[in-house]
Amino acid sequence: MDFPFLNELNDSQRRAVEYTDGASLVIAGAGSGKTRVLTYKIAYLLKTGMAPSSILALTFTNKAAREMKERIATMVGEKTARYLWMGTFHSIFSRILRSEAELIGYSKNYTIYDSADSKSLIKSIVKEMKLDDKTYKHGFVQSRISYAKNNLITPEAYLANTDLIKADNASRVPLTKDIYKIYCTRCKQADAMDFDDLLLQTNVLFKNNPTILQKYQQIFRYILVDEYQDTNFAQYLIVKKLAEQHEKICVVGDDAQSIYSFRGANIDNILQFKNTYHNAQIFKLERNYRSTQTIVNAANSLIDKNAQQIRKTVFSEKETGNPIKILSVFTDFEEGFIVANYISDLRFTSNYLCQDIAILYRTNAQSRVMEEALRKQSIPYRIYGGLSFYQRKEIKDVIAYCRLVCNPNDEEALKRIINFPARGIGDTTINKLIECAQLHAVSAWEVLTDMLKYNLPVNAGTANKLAQFRSMIDVFAEQISTQNAYDLANSIVKTSGVISDTFTDHSPESMSRQENVQELLKAIHEFCESKLVDGEPTALLSDFLSEVSLLTDQDTDKESDKDKVTLMTVHAAKGLEFKAVFIVGMEEELFPSPFCTQSERELEEERRLFYVAITRAEELCFISFAKSRFRNGKTNFSNPSRFIKDIDEQYLEMPPEAKPKQTRIGDWDDDLETERNRFQSSFSKPIFRGNNIPATPKRMVKLSNSGGDKITTENISIPIGVYVKHSVFGIGKVLETSIVNGNEKADIDFGEKGLKSLLLKFAKLEVLK
DNA sequence: AGACGCTCATTTTTT
DNA sequence: ATGAGCGTCT
């Protein structure tokens with residue numbers, strides 16, 4: 001066949017692409033061209049004559065889907081590529097659910113509740129049930145419900161599941177089952193589905209409607225799934241059902257990169273693939289095109305410590321490269337400073353661009369310090385995660401209006417804006433309204449449509465305010481199918497008064513809110529432009545809403561964000577690659593997360609997470625750990641992560657003081673002064689061959705105890721003779737103070753903990769009166 | 001009803 | 001450090 005693209009693949013990639021007879025599993029090591037195989041395979045299928053609308057390709061993120069679609073478009077043309085069913089599980093099945101909604105008791109315009117909405121709903125339910133919200137923590141209940149849904153356990157099945165009930169009883173939360181039940185009822189009353197519902201309800205749809213299942217089985221002649229290691233049971237079953245007849249399915253993944261079990265992903269899906277699809281062919285992609293040999297080998301030596309895995313030999317034929325540099329620092333602030341220094345150096349002496357560099361961390365909270373350090377050195381950066389555009393208050397407010405207009409039963413949207421801007425409808429009224437709705441088993445909106453019929457116990461004034469609110473929404477709702485999304489959203493913003501306060505108040509916050517709302521309107525406008533029919537923007541507001549709730553901030557890349565250092569969690573970095581990667585906060589109690597050290601299984605997932613982090617790097621990888629870190633309002637002391645020792649030492653460049661064979665990593669409190677010198681000397685060492693780093697780091701940590709810049713013996717901040725408290729050594733008496741290399745030092749007698757010489761800069765001391 | 005300011009507890013990862 | 005929830009004051 002004439003398909004010249006095949007020549008651009010190596011042998012194993014090519015075999016994986018060309019096999020289209022039955023089920024296949026492609027085990028793709030990190031950087032081995034997994035996406036390449038998927039895109040070429042789809043292009044190949046199209047070349048063999050398969051219609052694009054017969055191909056279903058499921059990805060993990062919108063971004064992955066979009067990029068893949070673009071690449072395919074360049075190979076086979078945009079006109080063909082546009083008809084592919086390509087997207088995330090959530091977006092594809094929300095689309096299918098919309099067209100089949102009536103079959104499962106929802107309407108086409110059902111709302112998608114994001115996790116903030118579910119959380120809020122759970123809170124209200126707990127409150128209404130008069131339960132103690134400290135016992136029934138929303139986080140716990142939410143994860144419990146999510147777990148159940150991901151495993152297709154309905155409230156009825158939950159009741160019947162003795163294990164779950166026992167577990168809840170043992171955890172003293174026996175009423176979780178009831179909350180779950182009510183939660184489902186409420187979602188349905190609100191005509192809303194949460195994220196998990198999109199998968200659960202798809203299963204329900206297929207199970208209860210065999211003809212519908214058949215219909216989609218026939219539509220999807222070939223199914224491809226990316227990141228199969230991260231699928232959960234609900235996703236597994238959807239795919240299995242759809243592929244049941246022909247088993248024309250190809251899944252791609254890497255068990256070594258399975259990092260989402262906390263939200264229900266089941267690594268067994270990929271490990272057991274050949275048991276599900278008996279004639280499955282397995283292809284392994286083992287050549288890594290991304291990273292240097294050192295990085296690949298280091299990552300291999302790490303993942304080798306996991307018992308659960310599909311054995312494979314990932315190798316690189318790129319240059320050997322530099323060892324992974326381990327950076328040992330004192331505090332999180334220093335960590336930021338040093339990383340920023342290295343980044344400056346990479347940029348100015350090695351011609352790295354900011355976009356070539358990423359800082360990866362375990363938790364979002366760590367971004368703060370890094371951010372400050374980068375800002376101080378004027379290094380442009382972009383933080384992913386944290387609160388995204390769509391989580392900003394003003395955006396959520398506008399979207400809530402839109403949601404309510406499209407689906408008046410949406411209780412969470414209603415609660416959000418019924419009194420915003422203030423219109424004299426307070427908590428008391430809202431509670432009455434919801435209580436009344438529950439009493440009659442209808443939505444809150446339904447009560448509003450006929451307050452007399454439902455005997456809503458409010459006075460005439462309040463009733464009037466409610467009626468006004470209702471008619472405002474009604475007016476918008478009437479335009480829902482006649483106005484396009486942009487026009488309607490625009491008039492909602494203008495007339496509802498969501499941002500009217502920003503017109504009188506000219507504070508910077510107000511202006512920024514206003515800008516954000518304009519930004520949102522712009523996005524809606526672009527959405528309409530992208531869906532022109534006969535040159536007319538006909539996209540409806542509900543169309544926009546159905547997409548917007550599944551967007552994340554990674555999907556809103558702006559041109560101005562191009563050449564910037566990337567800051568993100570390791571989770572968010574999956575699938576990406578950078579020339580240089582800094583993995584920071586590699587400490588016990590942080591990475592691995594203390595929540596994940598209970599079982600070997602969880603620990604292995606954390607190790608895989610570290611593996612993912614390392615394998616993002618193409619050329620250079622740095623790993624840092626701090627000896628103390630400011631967390632939750634206080635300083636914690638920490639030891640290097642156990643995972644560092646899992647990497648074969650030959651691929652590492654250890655800091656001079658922490659050669660594990662001589663001194664245990666973590667013995668450090670004996671002599672801070674020499675530590676300080678070592679830390680400085682590590683700067684004069686080249687990062688890698690031939691490049692010298694500027695030797696003197698500038699002072700970056702403000703003295704925790706003094707505001708002055710110059711330190712002299714006169715203004716030293718702790719007087720001799722006072723008693724101080726140290727978070728580790730306890731209470732001690734200051735015997736002597738001095739200045740060493742411009743830093744205040746104190747000799748303190750901690751009694752039985754001994755005599756310590758501490759730099760005030762590092763030791764957070766509290767002076768006792 | 002609404003605004004303000006206090007105290008309290010809470011800290012993983014996110015389609 | 002930060003935010004959410006609560007009580008008090010206007």
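The values are calculated or read from the model by the stated rules, or taken from the named source; none is laboratory data. Just so you know, these numbers come straight off a predicted model, no measurement behind them. A quick note on method: Cβ atoms are made from the backbone with ideal geometry, for glycine too, and the neighbour counts reach across all protein chains shown.
Test A:ASP178 against the stated conditions and say whether it is in contact with a helix residue (DSSP H, G or I) (Cβ under 6 Å, 6 or more places away or on another chain), under 24 Å from A:GLN438 (Cα atoms) and at pLDDT below 95.
Details: in contact with a helix residue (DSSP H, G or I) (Cβ under 6 Å, 6 or more places away or on another chain): no; under 24 Å from A:GLN438 (Cα atoms): yes; at pLDDT below 95: yes.
The answer is no for A:ASP178.
Restricting the range A:362-396 to residues that are within 16 Å of DNA strand C (Cβ to nearest atom) and outside any helix (DSSP H, G or I), which is farthest from A:LYS579 (Cα to Cα)? Per the stated criteria, the residue is A:ARG392. Count of the range A:78-128 residues, restricted to those that are more than 18 Å from A:THR552 (Cβ to Cβ), surrounded by fewer than 16 Cβ atoms within 10 Å (Cβ to Cβ) and small (Gly, Ala, Ser), is 3.
The sole residue among A:ALA613, A:ALA580 that is part of a helix (DSSP H, G or I) and either away from DNA strand B (no atom under 15 Å from the Cβ) or touching a strand residue (DSSP E or B) at 6+ places or on another chain (Cβ under 9 Å) (or both) is A:ALA613.
Conditions tested, residue by residue: (1) touching a Phe, Trp or Tyr at 6+ places or on another chain (Cβ under 8 Å); (2) not hydrophobic (A, V, I, L, M, F, W, C).
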residue	(1), (2)
A:SER24	yes, yes
A:LYS34	no, yes
A:LEU45	yes, no
A:LYS63	no, yes
A:ILE112	yes, no
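Considering (1) within 24 Å of A:VAL126 (Cα to Cα); (2) touching a residue at least 24 places away in the same chain (Cβ under 8 Å); (3) touching a helix residue (DSSP H, G or I) at 6+ places or on another chain (Cβ under 8 Å), the lone condition that A:LYS432 does not fulfil carries the number (3). I'm trying to understand the selection: among the residues of the range A:627-653, which are of a type outside the set (D, E, K, R), away from DNA strand C (no atom under 16 Å from the Cβ) and buried (at least 18 other Cβ atoms within 10 Å of the Cβ)? Across the range A:627-653, the qualifying residues are A:SER638, A:PRO640, A:SER641, A:PHE643, A:ILE644, A:ILE647, A:TYR651, A:LEU652. When the test is whether a residue is crowded, with 16+ Cβ neighbours inside 10 Å and either part of a helix (DSSP H, G or I) or out of contact with any Pro (no Cβ under 8 Å at 6 or more places or on another chain) (or both), A:ARG423 does not pass it. A:LYS47 falls short on exactly one of the conditions (1) modelled with pLDDT of 95 or more; (2) out of contact with any helix residue (DSSP H, G or I) (no Cβ under 6 Å at 6 or more places or on another chain); (3) more than 18 Å from A:TYR216 (Cβ to Cβ), and that condition is (1). If the condition is being touching an Asp or Glu at 6+ places or on another chain (Cβ under 8 Å) and either in contact (Cβ under 8 Å) with a residue 24 or more places away in the chain or of a type in the set (Asp, Glu) (or both), then the range A:414-429 contributes A:ILE417, A:PHE420, A:PRO421.
Candidates A:THR504, A:THR566: the one that is farther than 30 Å from A:LEU353 by Cα and within 16 Å of DNA strand B (Cβ to nearest atom) is A:THR504.
Taking the range A:173-270 and the strands (runs of 3 or more DSSP E) fully enclosed by it, the elements with 2 or more residues that are out of contact with any Leu (no Cβ under 7 Å at 6 or more places or on another chain) and surrounded by 20 or more Cβ atoms within 10 Å (Cβ to Cβ) are at A:192-194, A:249-253. Looking across the range A:105-127, the residues that are within 13 Å of DNA strand C (Cβ to nearest atom) and of a type in the set (D, E, K, R) come down to A:LYS119, A:LYS123, A:LYS127.
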